[in-house]
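First up is the structure itself, then whatever we jot down about it.
The values are calculated or read from the model by the stated rules, or taken from the named source; none is laboratory data. Keep in mind that this is a model prediction, so the values were computed, not measured. Ideal geometry is used to build each Cβ from the backbone, glycine not excepted, and the neighbour counts take in all protein chains shown. What goes into the accessible areas is simple: the full protein's heavy atoms, side chains included, and nothing from ligands, DNA or RNA. Shrake-Rupley method; radii C 1.70, N 1.55, O 1.52, S 1.80 Å.
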Amino acid sequence: MRVLTGLVLVASGVLLHLASWQRWAGHCPWGSQQETAACNQRMDHLYDFLFIGDPWVPVGKAAELAGLSLLLVALALILLPWATSELWPGPGITAGLALSALVLANVGLATRRSGLAGEVVEPALESGGFMLLWVPSLVLTWVAVRARGWVRAGSIFLVLGSPLVAAFTYAIGPFDAAPWWEAYSGDLTAMGGLCLLVAAVRRPARKREPAAEAATVA
C-alpha cells in the first residue's frame with residue numbers, strides 16, 4: 001500500500017509539472033532571464049489553471065493535466081492511513097482525510113472539466129470549494145508531526161506542495177503568479193511520493209537484544 005501511494009503521488013507530481021510546462025515554456029524559459037514582455041504577460045492570473053476564475057484563458061492542456069493531478073492526490077489521501085499504518089489515525093483524522101480527498105477531488109474535477117470545455121466550470125460550493133483547500137494542508141501537517149523517518153519527510157514535502165501553501169508563498173510573483181510555481185508544487189509532491197517509496201523498501205532498524213547489549217558492555 002505504501003508503494004502504491006508513493007507511485008500515485010509521483011504520477012501526480014509529474015502531471016502537474018507537465019501542466020506548468022504548458023503555461024510557461026516558450027514564454028518564461030526555465031532558469032533564464034524572465035523579465036521579458038512575454039513572460040510578464042503569462043504571469044497574469046488570466047492563465048491560472050489551479051485556481052480558475054472568470055475571466056480565464058486556457059493554455060493547451062494545462063487545466064486537464066492539473067485536474068488529473070489533483071484527483072490522484074485525492075486518491076493518495078484515501079490510501080494514506082494504510083500507507084502510514086504505524087500511526088493509524090483515529091476516527092477524527094480518518095474523517096479529515098476523507099474530507100480532504102473530497103475537497104481535492106471536487107476542485108480537481110472542476111479543473112479538468114474546465115480544461116475539456118475551454119471555459120470556467122465552478123466546483124461544487126463554487127468559491128467555497130477553493131476555500132476548503134486548507135483542510136488537506138492541516139491534515140497532512142498532523143501526519144507530518146506524528147510520523148517518523150521517511151514517512152515524515154514525505155508528509156512534509158506534501159504539505160509544502162499543497163495548493164494552499166503554494167498560493168501564499170512561492171506562487172506569488174512580481175506580476176500576479178510566479179513563473180513555474182505549479183512545477184515546484186508538482187516536484188514537491190513527487191518528492192513526497194519518492195520518500196514513501198524509500199520507506200516501503202527500507203528495512204526498519206532493529207533494536208539490539210538486551211543480552212547483546214550486556215555482552216558489549218562487558
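Classification of the stretch 130-175 by its C-alpha gyration tensor yields an oblate form. The axis ratio a/c (a ≥ b ≥ c) is 1.5 or more, and b/c is at least a/b. Accessible surface for the chain, divided over its residues, is 51 Å² per residue with a 1.4 Å probe.
3J(HN,Hα) along the stretch 35-49, derived from phi through the Karplus expression 6.51 cos²θ - 1.76 cosθ + 1.60 where θ = phi - 60°, amounts to 7, 10, 5, 5, 5, 4, 5, 6, 6, 4, 4, 4, 9, 4, 9 Hz, with x in place of Gly and Pro. Residues considered: Arg112, Arg23, Arg202. Largest GNM mean-square fluctuation over the chain, using C-alpha springs under 10 Å, is found at Arg202.
By the Kirkwood approach, averaging reciprocal distances over each pair of separate Cα atoms, the stretch 146-199 gets a hydrodynamic radius of 11.4 Å. In the set (1) 74, 40, 25; (2) 53, 47, 28; (3) 68, 29, 27, the label that goes with Cα extents along the principal axes in Å computed for this structure is (1).
Is the shape of the stretch 1-90 rounded, prolate or oblate, going by the alpha carbon gyration tensor and its root eigenvalues a ≥ b ≥ c, with a/c under 1.5 for rounded and a/b larger than b/c for prolate? Prolate, since a/c reaches 1.5 and a/b exceeds b/c. At full extension, Ile78 and Thr169 could sit 30.1 nm farther apart than now, given 0.36 nm per residue minus the alpha carbon distance. GNM remark for the chain: springs join alpha carbons under 10 Å apart, and the peak mean-square fluctuation among Ala37, Ala147, Ala117 falls on Ala37. Note on Trp30 and Arg148: the model spin-label points, each 7 Å out from Cα along the C-beta direction, lie 3.7 nm apart.
With r as the distance between the Cβ atoms of Arg202 and Val120 and R0 = 25 Å, compute the FRET efficiency 1/(1 + (r/R0)^6) and round to 0.05.
0.05
Within the chain, the cysteines lacking any other cysteine Cβ closer than 4.7 Å to their own Cβ are Cys195. Surface composition of the chain: carbon and sulfur make up 67 percent of the accessible area, probe 1.4 Å. Taking Gly31, Gly96, Gly154 in turn, the Gaussian network model of the chain (Cα-Cα springs below 10 Å) assigns the largest fluctuation to Gly31.
Per-residue ellipticity at 222 nm for the chain, helices alone: DSSP H runs ≥ 4 residues times -39500 (n - 2.57), over residue total, nearest 500 deg cm²/dmol?
-21500 deg cm²/dmol
All other residues with a Cβ under 14 Å from the Cβ of Cys28 taken together, and with Lys, Arg as +1 and Asp, Glu as -1, what is their net charge?
So the surrounding residues net to -2.
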